Amino acid sequence: MSEQIRALGLLSGGLDSTLAARVMQAQNVEVLGLHFSTGFCLADRHRILGNRSNPDKPYRNEALRAGADLKIPIEIIDIKDEYLPEVVLNPKFGYGSGMNPCIDCRIFMLQKTREIMEERGYHFVFTGEVLGQRPMSQRRPPLDDVAEESGLGRLLLRPLSARLLPESIPEERGWVDREKLFNISGRSRKKQMELANHFKIIDYPQPAGGCCSLPDENYARKLRDFLAHRGTDVTPDDMMLLKVGRHFRLSGDVKMVVSRDQGENTYLERFTQGRSEVWVDDFPSPLTLVEGQPTAIDLETACRITARYSDGRHERTVPVRWRSGESEGQLTVVPCQNDTELEALRI
Amino acid sequence: MSGRARSARRHQNNQELHPYVHGTLDRESLESLAPDMQVDALGTFCPEPVIRTQNRMAHAKPGEIAMLLADDVGVEIDIPAWCLSTGNEYLGLLKAEVGYKVFVRRLCNKRPQP
Ligand code: SF4
């Protein structure tokens, strides 16, 4: 009896990685899908804010959904602790549009995958990467860098673009049939959609948005500010707070986060411990969290900005409540109307 | 009424649960279950409840039952999906005082188990 070929696949749950896994299944390869949790995923934010387009339905984890649909076991690998210092802060291959070190990120995940492959006796690794699809990480040179630097070399197979790339070991050894792999390239998803139809894969996420916060410029700005003022001693709560709200820096160690809507109010209410709260009682208002040790001037500024984003913004003065540990109080302030002041503080 | 008080919490525990996936046990059976292990993921969000369940279940014997405590509303779809993919049995979910109790039985399966 011939040996069962076993492969590890990076599975984000997006269409490409789902298809790559399905293509491997079609070639009788036993697949274990690995999904990496970096701490920069937007899933936690989505979960707290709720699904705005369909409030009755929570956001789903697409990798788990794909695993359930294809009956592929999914293992989630937690790399949160190493990811920030080892990948995000000093990327060898630089950043994309935000603070996304996509090439280093792929290398890091594939190094981990290689270790698991070696430990557990898998034959090879595959990904859903498509040649030319992403400007930073999926051009030919980065694809080669990723294979080389991860230590996988020719043991890394990209089933969707395989016929445009040099032959890999799984193809050479006949573990998979190169003729049944694909030659997809570029940014159009037309061929992937045809393939999805062929495999009757109908339920997959749209490409827009993504689930990583690092490519987002606004997020990147907040993260850079955080690292500059607080260093790399980051808690999961710190990371989650960067994902919502308007952020303003009042001084070196004092920063405020103002919610933008009801969902974000609820979100911020989870993070009040160790932070001062500011809100308006008389009008619908955002919840503001203040980090650090605010001076009386900082607190007044926080109250004025909070009043500005409340429904009392056009009032001459607004009473604003604050709570800091055991102390509570109220300040009556003129809502901040000065856009220049606001922009100077905005992160 | 306070402005802040007007902001409704979206995922309060009394929201109606939508049975995207039914567990294999009914409410009465779930209430009388004696789990072999408890996984506490209260206050954490996707994918942490699944990671904790997966890591705990990796050391479970076939037939053993884990009870996950979580307040991430998404566990009601994530855990059934994880069970479907890994070949474990999703027994069902109960609302708890805080969050949910989710029951999973480790099955003897041939698929690789984390
Ligand atoms: S978008 Fe985020 S998770 Fe994806 S490769 Fe880039 S850094 Fe990594």
Within the stretch A:160-180, the count of residues that are surrounded by fewer than 17 Cβ atoms within 10 Å (Cβ to Cβ) and closer than 25 Å to A:S37 by Cα comes to 0
When you check A:L84 against the structure, is it open to solvent by 10 Å² or more (accessible area, probe 1.4 Å) and either hydrophobic (A, V, I, L, M, F, W, C) or in contact with a strand residue (DSSP E or B) (Cβ under 6 Å, 6 or more places away or on another chain) (or both), yes or no?
yes
Of the conditions (1) at pLDDT 90 or above; (2) out of contact with any strand residue (DSSP E or B) (no Cβ under 8 Å at 6 or more places or on another chain); (3) open to solvent by 60 Å² or more (accessible area, probe 1.4 Å), the single one that B:R105 does not satisfy is (2)
When the stretch A:250-269 is checked residue by residue, the ones that are more than 14 Å from chain B (Cβ to nearest Cβ), under 23 Å from A:D311 (Cα atoms) and charged (D, E, K, R) are A:K255
Quick count over the stretch A:181-221, residues being open to solvent by less than 40 Å² (accessible area, probe 1.4 Å) and either within 16 Å of the ligand (Cβ to nearest atom) or free of Cβ contacts under 8 Å to residues at least 40 places away in the same chain (or both), is 5
Could you tell me whether the stretch B:72-80 includes any residue that is surrounded by fewer than 21 Cβ atoms within 10 Å (Cβ to Cβ) and among the aliphatic types (A, V, I, L, M)?
no
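Any chance the stretch A:97-113 includes a residue that's among the small types (G, A, S) and open to solvent by 60 Å² or more (accessible area, probe 1.4 Å)?
Checking the stretch A:97-113: at least one residue is among the small types (G, A, S) and open to solvent by 60 Å² or more (accessible area, probe 1.4 Å).
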From the option list A:E119, A:E115, single residue qualifying as within 14 Å of chain B (Cβ to nearest Cβ) and at pLDDT 95 or above is A:E119
TODO: Determine whether A:L49 is of a type outside the set (V, I, T), open to solvent by less than 10 Å² (accessible area, probe 1.4 Å), under 16 Å from the mean Cα position of the chain (by Cα) and away from the ligand (no atom under 12 Å from the Cβ).
DONE: yes
Among strands (runs of 3 or more DSSP E) completely within the stretch A:1-92, the ones holding 2 or more residues that are β-branched (V, I, T) and in contact (Cβ under 8 Å) with a residue 24 or more places away in the chain are A:74-78
Among B:L25, B:L42, B:L33, the single one that is in contact with a Leu (Cβ under 6 Å, 6 or more places away or on another chain) and more than 14 Å from chain A (Cβ to nearest Cβ) is B:L25
Just to be sure, is A:D16 over 17 Å from the mean Cα position of the chain (by Cα), within 14 Å of the ligand (Cβ to nearest atom) and of a type in the set (D, E, K, R)? yes
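The values are calculated or read from the model by the stated rules, or taken from the named source; none is laboratory data. What you are looking at is a predicted structure, and each value in this text was computed from that prediction instead of being measured. Ideal geometry is used to build each Cβ from the backbone, glycine not excepted, and the neighbour counts take in all protein chains shown. These accessible areas exclude ligands, DNA and RNA; they are computed on the full protein's heavy atoms, side chains included. Shrake-Rupley method; radii C 1.70, N 1.55, O 1.52, S 1.80 Å.
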